[in-house]
Each structure stands twice: as C-alpha cells, then as structure tokens.
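To keep things clear, I will list the structure first and then write my remarks on it.
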Amino acid sequence: MSTHPAPPASLTRRAALVAAPFVVGAMATSIAFLLLRDSFPDKIATHFTLDGAADGYSSPATTLGQYMLLFVIEAAGTIAAGFSSRSALTTVRSLAVFASGLSAATAYALVAAMRAVGDSDGHGIQLPLYQLPVAIAVGAAVGAVVWLVSRRRA
C-alpha cells in the first residue's frame, strides 16, 4: 500500500476555505448590529484614539457598510496570500487558522465598539482599552480551536 500525499486543493476551494471565516464574522457582526441598532444614536462612533476616546462618527448605514468592507479587505488580503503560496495543504490550513482568528478578533472588536456606542448617550463615547487584548485573546482562542480541529481531520 503506497501513501501518496493529498492532491493540492483547487484554487476555488482554497479561496473558499480561507474566505469562509470572514463570511461568518461579517454575519455575526451584522446580526449584532441588527440586535443593537435601537440603542444607537444618530451618529455611531467608528474610530477611536489610542486612549479609547471616540474621534470619528458615521451614520448607522455607513457604519454597517464600513464594517462589511473591513471583512472584505481582510478576506481579500488573506486569499491573496493563499494564491501566492506553493505548499497548498499546509498553507490552506495555516491561512484558515489565521483567517478564523483574525475574523473572530475583528468581529469581537466591532461588537465591543457597538456596545460602547449603545451604552452611551451619544457623547463621550469611550471604548475601554482592555477590549483590544480581549479581542486578541478571542482571536487566538478561535484560531487554536480551528488548528486543533484541522489537525484531527488531516
């Protein structure tokens, strides 16, 4: 019985595996947006300074569009990295882990920002600084789970 390595995944399959986490992240963010929209003021904080103070605002519709654009940009960059590699199986697994972690961290950070906006009166919006390391931890945890699951399936 000979053991042959698995054939490389097709480009379409590679792109789909890497893009899927961003689709899930965008869907989760959209659902959170819809659930929280009644608590938003007329202008939503969309940019924060390093100390967590809001310094950029957009309408709710524009904000949701910006959030979705962020996921599209992240997906496009990750897919481009996947197309440029030669080692298909290892790279797809690594990129899927990276994409899952990045998508989870992004979705967490965006939902945390929405919660901060919803909990404020529209003025003096503050995103607590601890949210950044929590977003990174969420992304790392999701990436670790995807890595473990992908190792068992390989």
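The values are calculated or read from the model by the stated rules, or taken from the named source; none is laboratory data. Since this is a predicted model, take the numbers as computed values, not measurements. Don't worry about glycine lacking a Cβ; one is built from the backbone with ideal geometry, like all the others, and counts go over all protein chains shown.
Here is a yes/no grid of residues against (1) surrounded by 12 or more Cβ atoms within 10 Å (Cβ to Cβ); (2) touching a strand residue (DSSP E or B) at 6+ places or on another chain (Cβ under 6 Å):
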site: SER58; (1), (2): yes, yes
site: MET68; (1), (2): yes, no
site: ILE73; (1), (2): no, no
site: VAL92; (1), (2): yes, no
site: LEU95; (1), (2): yes, no
site: ALA107; (1), (2): yes, no
site: GLY124; (1), (2): no, no
site: LEU127; (1), (2): yes, yes
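Kindly establish whether ALA61 is in a helix (DSSP H, G or I) and under 14 Å from the mean Cα position of the chain (by Cα). Spelling it out, it is not the case that ALA61 is in a helix (DSSP H, G or I) and under 14 Å from the mean Cα position of the chain (by Cα). Kindly evaluate GLY77 against the criterion of being part of a helix (DSSP H, G or I) and either exposed (fewer than 13 other Cβ atoms within 10 Å of the Cβ) or under 18 Å from the mean Cα position of the chain (by Cα) (or both). Yes: the conditions hold for GLY77.
Conditions tested, residue by residue: (1) under 30 Å from LYS43 (Cβ atoms); (2) among the polar types (S, T, N, Q); (3) at pLDDT 90 or above.
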{"position": "ALA81", "(1), (2), (3)": "no, no, no"}
{"position": "GLY118", "(1), (2), (3)": "yes, no, no"}
{"position": "ILE136", "(1), (2), (3)": "yes, no, yes"}
{"position": "VAL145", "(1), (2), (3)": "no, no, yes"}
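Could you please give the count of residues in the stretch 1-20 that are closer than 19 Å to SER103 by Cβ, out of contact with any Gly (no Cβ under 8 Å at 6 or more places or on another chain) and either modelled with pLDDT of 85 or more or among the small types (Gly, Ala, Ser) (or both)? Count: 4. Taken as a whole, the structure leaves VAL111 outside the set of residues that are at pLDDT below 90, touching a helix residue (DSSP H, G or I) at 6+ places or on another chain (Cβ under 6 Å) and assigned to a helix (DSSP H, G or I). Pairs linking a residue in the stretch 135-146 that is more than 17 Å from SER94 (Cα to Cα) to a residue that is among the hydroxyl-bearing types (Ser, Thr, Tyr) and surrounded by 13 or more Cβ atoms within 10 Å (Cβ to Cβ), with Cβ atoms under 7 Å and 6 or more positions apart or on different chains, are ALA135/TYR108; VAL138/TYR108.
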